[in-house]
1. Spelling out what I want: for every residue of segment 51-57, take phi, set θ = phi - 60°, compute 6.51 cos²θ - 1.76 cosθ + 1.60 (Karplus), and round to whole Hz; glycine and proline get x.
2. In degrees between 0 and 90, to the nearest 10, how far off the longest principal axis of the chain does helix 9-31 point, with axes built from Cα atoms?
3. Would you please put 114-121, 99-106 in order of how densely packed they are, using the mean number of other Cβ atoms within 10 angstrom per residue and starting with the highest?
4. For Ser132 and Val104, what is the calculated FRET efficiency with R₀ set at 41 Å and r taken between the beta-carbons, to the nearest 0.05?
5. Given N residues in the chain, what is Rg(Cα) / (2.2 N^0.38 Å)?
6. Note down the magnitude of the dipole of the chain about its Cα centre, charges +1 on Lys and Arg C-beta and -1 on Asp and Glu C-beta and zero elsewhere, to the nearest 20 debye.
7. Working from Cα positions, state the angle (0 to 90°, nearest 10) between the long axis of helix 116-127 and the longest principal axis of the chain.
8. Quick one: helix 66-86 against the long Cα principal axis of the chain, what's the angle to the nearest 10°, folded into 0 to 90?
Amino acid sequence: MAAMSASWMPVVGNAATLIAFSTSAVLSSRVSPGSDHAVFALAPVLLLLHEDAVVFTSLLGAQRYAPPLSAVVASLCLSAVAHTLRGPVTAATALRGASRWPWVARNFAALLAATPNASCAANYLWTGARVSGVTLAVLGPLNALAAAVTDVHSVRLLAGVSLATGAWQFFMQRSVRIAGMRCL
């Protein structure tokens, strides 16, 4: 009976954590618009999420790190899309009457190139599903290309996060494989 009466507590704790993160993200965007660095300070709040019977039914071990990484990636992607859709903010472009669509297409392509490594790492944290080293080696230079080509700061940040998570995932998978081989 005591176990049933306390089963609502994890749900309330997770709801409070998600509300705190959402409120802090909205406040930081209102106080300092255009600041994409705030998500790096806010994402660790999501480490307070824990297993419950409603939303996070299997949040154990390394899975705890997937929500903060996913929040960083989602926030940077949304910011990049918003900045890209606003278009270039230069007076020369406005005076020339030049089309902004090549600029938008280039930055969207850079955003698409910067996203796969981080999403592979989040998937690895959540499911434990390995990605081949060749895939990570192919996706790595795309992040450097995206950072070099884009004019949007949040895409550059996302490319850096993706490059770091790709390298982390490669070395983590390698160390797990070596440890497994030692056990055999």
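1. Rounded to whole hertz, the list is 5, 9, 8, 10, 9, 9, 7.
2. Tilt of helix 9-31: around 20 degrees.
3. Highest to lowest by the protection proxy: 114-121, 99-106.
4. Step by step, r from the Cβ atoms, then E = 0.80.
5. Compared with the compact-globule rule of thumb, the chain sits at 1.24.
6. 460
7. Computed tilt is about 10 degrees.
8. That helix lies at roughly 20 degrees to the long axis.
Readers should treat all values here as calculations from the given coordinates under stated rules, not as data from a laboratory. As the structure is a prediction and not an experimental result, all values here were calculated from the model. In this analysis, Cβ positions are derived from the backbone assuming ideal geometry, glycine residues included, and neighbour counts consider all displayed protein chains.
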